[in-house]
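Below you'll find the structure, written out as structure tokens, and then a few comments.
The values are calculated or read from the model by the stated rules, or taken from the named source; none is laboratory data. Because the structure is predicted, anything quoted here is derived from the model rather than measured. With ideal geometry, Cβ positions are generated from the backbone for all residues, glycine too; neighbour counts draw on all protein chains shown.
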């Protein structure tokens, strides 16, 4: 950057008083990721109020060669929205752009600005007797723009797909400040490369999402939530196939939980109890969702599903939530695994996927492999078996203090897990993205052909490397900045 | 190219006798598109037998700067697989790579080489009691590679999406001969840009698809095919919403046919008869498909759907195909519109889309606008109303000879239609792609920001412009070939 003062003065003129601050107190919360793993510095915090302001600001940044770190709810898992510590980057918050511009019932879609919080979208859709079929733990802070930039997942991907599948139209500001406007959804449009798809999941390195048209579904006709105790994760895989065959159209969630994780949750939540009386090596949490007006058949479907599963020897024990309150308790057990495991001490967390059909075998082999290689550790895998995606946590030996372990043995463990998952044809980032946390691991383990394509595309669309630098993929140091 | 002989000799060594020919008789059929609109020349016709051969061949082409025109079944609609008439390009047929490598029932997927013909994929899936949910008129020649390169559509997009939605994994050879291997499907994978999506629909200009993993569905539990006579296309839109609301999960096709097109088909097919006794301004062809084992409920659903539509005043008359034979007759009427219209004389055909909710209004306004501006012509719109995609044909005044009209008034008509659809926020290519036919219209009417992005990406991934040159998007003449 040639002259920060002239840039800041022009940016202040452009954005007005509410749109730009350098106040350390106002900036502080946004310079650390929510888990406190990454901390950075920024030249200023910009909060534009419109796409036109974002476009003008990015043009200004391009002129002054000011790097930009876009940020939504700051609830990402990979440090993708935290600037580096040089203090040269502008932190660009999309949170002020929080209007739901339209909810269109016939077209079953919502037009949202990037800063709309997921929870607000859920509420807006519900008010129109519709629903938005993606949810995740951070729904109270995660924004539409961030969800798109990271192609977020969650517990409904099994039936409805990731964020990519929800995006019907997109608007984004590119590195030179031009506005890519593909907000109007066309079901069929073959006018060349699908640039929208390129921007989804690019973590702010190719463009800044400013608005989107998202698909909505009719509100549901109710749900049935089942809990099953299983002898092995291989049985969980068989139970999943059983459910897909008999209730494929209603199956909205299929999560697996090992005994250790359930025990940790029951210790962690004083009022919680296990849904089943006995002990089981594995548990499955299954959600069936009825189409509107088809609620009455759902209980029967859930019953017959379980009866047949018992007969086939797939489950050791099982129960169906008697009411909505109990259904929420079942889900609370699942959603409390991460905090419960965290309370046990330091752990390395890995968000990994392998082909769905291989996940049970992967877990069966990876758990003893990790525990054997790193004595005293305990490996647990839980989560979205139906998506071939588990959160693979490796807990430090009991009594280990936080801090040094993560940077020492912890790093070796992560490299070991990533090597393993790569050998199995899987992904080192299933749903959390790369950000800064996994950038070097992606460079180490990613397909060199894909990495070269990514660098070429990044270089072509952001030749000066100003969009979220240091995240996802880096440009070669010697790359010409034409 | 520096030395064609040395290139051809090296290519012959690489591909063997079956893999390369310059015999004009063997090449002839592939140098013209199937509709006979475009004719080109080629240096030779290469027919590699494996991905490794494609990769080695493309490396050789890169060394010798030989342009490549990839070709599948040569059944495209936009001249995208026909070389120019310079004779400098290599025509690269993927047809020899026609193995279905695997059909995996549990994973519900098929792994196919690029040259697999769509009909063969349908048969292979059926043999495993599965189905591939995309079909179109050219299924006897269209190949998997071509379907992916053009993101093909068809009559099942309403429920199952375009080809993009069927591609779980992809393998492609890039401009430098490297192999992009993303064949193994992961339901969740957030390791950076989704390069697979960039290649799908890029018409061979960014890479050559060599294989794909495609999703399969369980075989259906039967279908119900309905034919309705309607007073207007606005009623067709209302009937579509009615069907989506009451049978959204079963609705697999919703096609509209104007009276003129039906009359043309009945004239064209001597044994055909109208499904309904009376005259109607518009007709709708509706297909409901039952999930496996749910056939018995389908007839009742179809009946109640029509009863309610009558009560709501949406249809003037309607009938349900009594058996499979009659269902096929209904579809034959729909599939015969193009040949029937062609028999009437010259016509300009436009494959256009607008947002689904606007299509009825668009047709209502565009038809008189075109006929008013070009007296004596007749405009007809038919096809995939549920996708916001109609084939908008403008027939020459009766008695017009073929040839001069298409290049004169015909061109003006197409420009007029394309202007109109662009004003309505639509696409000048809904499902047929750009190829060479619409390249200049895309350059004229496309969003300049999107066009600039496409040129940047093309330049980055194919810096020498060797992949399908002159198709879709051209590089700036002054672009440096670094």
Query - residue A:413 vs. criteria away from chain B (no Cβ under 12 Å) and farther than 25 Å from residue A:177 by Cβ - result: yes
Query raised in the report: Hey, among B:163, B:97, which residue is within 14 Å of chain A (Cβ to nearest Cβ) and buried (at least 23 other Cβ atoms within 10 Å of the Cβ)?
Result: B:163
Query raised in the report: touching a strand residue (DSSP E or B) at 6+ places or on another chain (Cβ under 7 Å) and either surrounded by 15 or more Cβ atoms within 10 Å (Cβ to Cβ) or not in a loop (DSSP other than H, G, I, E, B) (or both), is that true of residue B:305?
Result: no
Report summary line: Filtering region A:441-450 for residues that are under 21 Å from residue A:152 (Cα atoms) and more than 7 Å from chain B (Cβ to nearest Cβ) leaves a count of 1
Report task. Determine which single condition residue A:222 fails, assuming it passes every other condition in (1) crowded, with 24+ Cβ neighbours inside 10 Å; (2) at positive phi. Result -> (1)
Query raised in the report: Quick check: is even one residue across region A:425-435 surrounded by fewer than 18 Cβ atoms within 10 Å (Cβ to Cβ), closer than 21 Å to residue A:263 by Cα and in contact (Cβ under 8 Å) with a residue 24 or more places away in the chain?
Result: no
Query raised in the report: Among the residues of region B:183-198 satisfying the criterion of being touching a residue at least 24 places away in the same chain (Cβ under 8 Å) and within 7 Å of another protein chain (Cβ to nearest Cβ), which is surrounded by the fewest Cβ atoms within 10 Å (Cβ to Cβ)?
Result: B:184
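For (1) outside the structural domain of residue A:395 (by TED's automatic domain parsing); (2) surrounded by 14 or more Cβ atoms within 10 Å (Cβ to Cβ); (3) closer than 25 Å to residue A:391 by Cα, each residue gets a yes or a no:
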{"position": "A:239", "(1), (2), (3)": "yes, yes, yes"}
{"position": "A:266", "(1), (2), (3)": "yes, yes, yes"}
{"position": "A:275", "(1), (2), (3)": "yes, yes, yes"}
{"position": "A:301", "(1), (2), (3)": "yes, yes, no"}
{"position": "A:311", "(1), (2), (3)": "yes, no, no"}
Requested in this report: Find all pairs meeting these conditions: Cβ atoms under 9 angstrom apart; at least six residues apart or on different chains; first residue within region B:291-304 and closer than 16 Å to residue A:249 by Cα; second residue at pLDDT 80 or above and assigned to a helix (DSSP H, G or I).
Outcome: B:292/A:245
Report task. Output the number of residues of region A:452-472 satisfying the condition of being at the interface with another protein chain (Cβ under 8 Å from one of its Cβ atoms) and under 24 Å from residue A:419 (Cβ atoms). Result -> 4
Query raised in the report: Looking at this structure, is residue A:441 in contact (Cβ under 8 Å) with a residue 60 or more places away in the chain, over 21 Å from residue A:356 (Cα atoms) and surrounded by fewer than 23 Cβ atoms within 10 Å (Cβ to Cβ)?
Result: no
Requested in this report: Evaluate region B:460-473: report whether one residue or more is at pLDDT below 95 and either outside any loop (DSSP other than H, G, I, E, B) or touching a helix residue (DSSP H, G or I) at 6+ places or on another chain (Cβ under 6 Å) (or both).
Outcome: yes
Query raised in the report: Quick check, is residue A:367 without any contact (Cβ under 8 Å) to a residue 24 or more places away in the chain, under 22 Å from residue A:387 (Cα atoms) and not assigned by TED's automatic domain parsing to the domain that holds residue A:275?
Result: yes
**Report entry** Exclusive hit being surrounded by fewer than 24 Cβ atoms within 10 Å (Cβ to Cβ) and within 17 Å of the chain's Cα centre (by Cα), set B:138, B:169, B:153, B:146
**Finding:** B:138
**Report entry** Sole exception among (1) in a loop (DSSP other than H, G, I, E, B); (2) within 12 Å of chain B (Cβ to nearest Cβ); (3) more than 30 Å from residue A:64 (Cα to Cα) for residue A:139, by number
**Finding:** (2)
Query raised in the report: Can you tell me which residues in region A:217-235 are within 14 Å of chain B (Cβ to nearest Cβ) and more than 17 Å from residue A:252 (Cβ to Cβ)?
Result: A:234
Query raised in the report: Got a sec? Which strands (runs of 3 or more DSSP E) wholly within region A:9-111 have at least 3 residues that are touching a residue at least 60 places away in the same chain (Cβ under 8 Å)?
Result: A:68-71, A:90-93
Query raised in the report: Here is a list of conditions, (1) more than 7 Å from every other protein chain (Cβ to nearest Cβ); (2) surrounded by 24 or more Cβ atoms within 10 Å (Cβ to Cβ); (3) closer than 21 Å to residue A:327 by Cβ, and residue A:214 meets all of them except one; can you say which number that is?
Result: (3)
